[in-house]
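Novice: If you scroll down you'll find the structure; I have some questions about it.
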Amino acid sequence: MNVTMLLDMAADGFGDRTVIGRAEGGLNPVRLRELAAGGARAVRDADADAILYLAVNGPAFPVALFAAARAGVPLVPVNYRLGTDQLDSLLANHPRALGIADPEQSEALRRAGLPVLSPARWLETAAGDGGSDDAAHNDSPAVLIYTSGTTSAPKGVVLRHRNLVSYVLGTVEFAGAGPDEAALVSVPPYHIAAVSNVLTNLYAGRRALTLEQFTARGWLGLVRDESITHAMVVPTMLARIMDTDGLDRSVPSLRALAYGGARMPVRVIETALGAWPHVDFVNAYGLTETSSTISVLGPREHRDALASDAAGLRARLGSAGVPLPGVELEVRDEVGEVVGAGASGQIWVRGEQVSGEYAGQGPATDERGFFHTRDRGRLDADGYLYIEGRADDTIIRGAENIAPAEIEDVLLRHPAVLDAVVVGVPDEEWGQRIEAVVVPRDGTPVDAGELRTAVRDTLRGSRTPDRITYWTELPRTPTGKLIRRDIVAALTTEDRERHRAGGAT
């Protein structure tokens with residue numbers, strides 16, 4: 001069950017169909033297989049034990065993915081936005097890798113003493129004769145992805161061939177896409193969705209394109225120009241598409257839009273559903289450690305929730321749906337006991353697609369094979385999963401555990417709020433106090449009393465932010481995740497400066 005099996009099936013089943021790139025000049029599965037074989041030869045010639053990919057998305061990426069698999073080594077896509085020290089530290093973990101890098105990133109690989117090819121040169125090299133393949137076992141590592149490190153140093157997540165193949169076989173019908181279908185992926189190659197979309201779209205027979213630099217106008221233009229039928233975005237991208245004034249938002253070819261990677265504000269998805277009633281929306285929740293999606297809120301649930309006046313059904317727009325077949329979810333309390341429907345706790349997951357393994361550390365699963373996602377959430381009586389945020393994000397005020405997500409949801413529903421985050425800041429009396437940072441929609445601060453009243457009227461008074469600060473934007477990763485540690489650090493610094501100036505907190 002090597003991932004090359006998926007490529008072989010595509011080449012044998014619909015080898016002349018374009019599956020990578022634009023309709024004109026793209027790659028079909030037969031050519032992709034030839035390039036993968038040539039790339040594998042280059043890996044063997046370099047005596048490399050990994051392919052290290054430090055470049056933007058594009059045709060070189062799927063060729064690297066399958067070349068690594070054919071050579072029996074892992075692909076290591078690296079975040080090209082890392083700082084010099086962090087990047088150098090990461091590269092030091094791979095002293096025998098073959099590097100593929102954009103020109104502006106190649107110096108980092110040379111500092112690490114690694115051979116480096118540009119994406120164009122890599123494709124030229126892969127165009128040579130491939131020779132024989134090494135036999136990669138289905139339990140060998142296929143991909144090593146470093147986590148974003150929004151709360152700690154990045155860790156290398158090991159995804160084995162059996163994890164990735166299991167995910168594809170469990171979620172996609174072989175050759176199920178029509179010949180006119182095209183998918184647009186707008187995440188960088190070091191994101192698990194970039195890897196999973198290469199595999200799933202190829203297996204389905206759907207042409208896949210990538211958008212190297214996202215802008216709302218550019219995304220909409222490419223959807224129309226390339227007759228995109230399926231797309232995947234992160235919440236901040238959809239928010240920009242819906243919130244940017246003066247855009248032509250017509251997308252007549254678009255049939256399905258998947259979103260994930262971070263929490264989607266209910267206001268944004270409601271706006272998108274109203275703007276594109278012909279589009280099937282899918283909320284996909286997953287992690288790098290789970291080979292991508294583990295639960296899905298499907299198109300019918302989106303439409304039913306939007307059309308309903310019932311509070312419980314309407315609230316499902318804020319859920320992550322139900323687990324995929326073959327995936328088991330449990331919500332446990334602090335001592336490891338499974339809690340009942342509606343109770344909050346920590347999310348654990350088990351299934352063949354779940355890796356839960358970190359480089360140099362081995363599996364991080366329990367004795368029953370469950371992996372702790374480090375996310376908090378709850379399952380309702382019908383099995384729908386609601387994500388309440390990272391366990392590390394939980395605010396402990398006095399003896400009460402408070403999920404920032406429920407407060408953020410109230411703030412984001414205010415029409416004058418464009419973005420918002422809630423964090424816990426150290427406090428001598430309470431341990432932590434609740435602070436909110438709000439980005440006003442038109443740049444004018446919203447009345448803090450009005451926002452605090454909205455929270456107090458919706459939630460208990462103990463959930464009301466102790467202070468609201470206004471910023472022009474929030475720090476996020478390229479995939480839309482809030483960098484909460486930076487927010488807490490900035491607010492803590494503001495406190496110290498305020499105290500030094502003799503001001504009140």
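Novice: Which GluC sites (Glu not before Pro) from segment 138-220 combine a DSSP loop assignment with at most 14 other Cβ atoms within 10 Å?
Specialist: GLU173, GLU212
Novice: Using DSSP to call loops (not H, G, I, E or B), can you name the trypsin sites (Lys or Arg not before Pro) in segment 305-392 whose Cβ has at most 16 other Cβ atoms within 10 angstrom?
Specialist: ARG368
Novice: Cα extents of segment 102-257 along the three principal axes, largest first, in whole Å?
Specialist: 49, 38, 37
Novice: Still on this structure: If you scale each eigenvalue of the Cα gyration tensor by 5 and take the root, what three semi-axes come out for segment 394-500, rounded to whole angstrom and sorted largest first?
Specialist: Taking √(5λ) for each Cα gyration eigenvalue gives 19, 18, 14 Å.
Novice: Net charge around VAL56, counting only other residues with Cβ within less than 13 Å of its Cβ (Lys, Arg = +1; Asp, Glu = -1)?
Specialist: -2
Novice: First select every other residue whose beta carbon is under 14 angstrom from the beta carbon of PRO95; then total the charges, Lys and Arg +1, Asp and Glu -1.
Specialist: 0
Novice: Amide H to amide H under 5 Å from GLY261: which residues, 5+ apart in sequence or cross-chain, H placed 1.01 Å off N in plane?
Specialist: Long-range HN contacts for GLY261: GLY286.
Novice: For segment 26-174, what is the per residue volume of the convex hull drawn over the alpha-carbon atoms, in cubic angstrom?
Specialist: 122 Å³
Novice: If you average over every viewing direction, what projected area does the convex hull of the Cα atoms of the chain give, in nm²?
Specialist: Seen from a random direction, the Cα hull of the chain projects 24.3 nm² on average.
Novice: Compute the distance from the alpha-carbon center of segment 260-336 to that of segment 357-416, in whole Å.
Specialist: 15 Å
Novice: Ok, one more. When DSSP beta bridges are limited to those with both residues in the chain, what percentage is antiparallel, rounded to the nearest 5?
Specialist: Close to 60 percent.
Novice: Then there is this: If I fit a long axis through the Cα atoms of helix 448-458 and take the longest principal axis of the Cα atoms of the chain, what angle between them do I get, 0 to 90°, rounded to 10?
Specialist: With rounding to tens, the tilt is 80 degrees.
Novice: Given contacts defined as C-alpha pairs under 8 Å and at least six residues apart, what's the relative contact order of the chain, whole-number percent?
Specialist: Here the relative contact order equals 11 percent.
Novice: Taking N as the number of residues in segment 326-392, what is its Cα Rg relative to 2.2 N^0.38 Å?
Specialist: 1.11
Novice: Taking Rh as the Kirkwood radius, which is the inverse of the mean 1/r over Cα pairs, what is the Rg/Rh value for segment 329-448?
Specialist: Value, to two decimals: 1.06.
Only the coordinates and a few stated rules stand behind these numbers; no lab work does. Because the structure is a prediction, the values reported are computed rather than measured. Ideal geometry is used to build each Cβ from the backbone, glycine not excepted, and the neighbour counts take in all protein chains shown.
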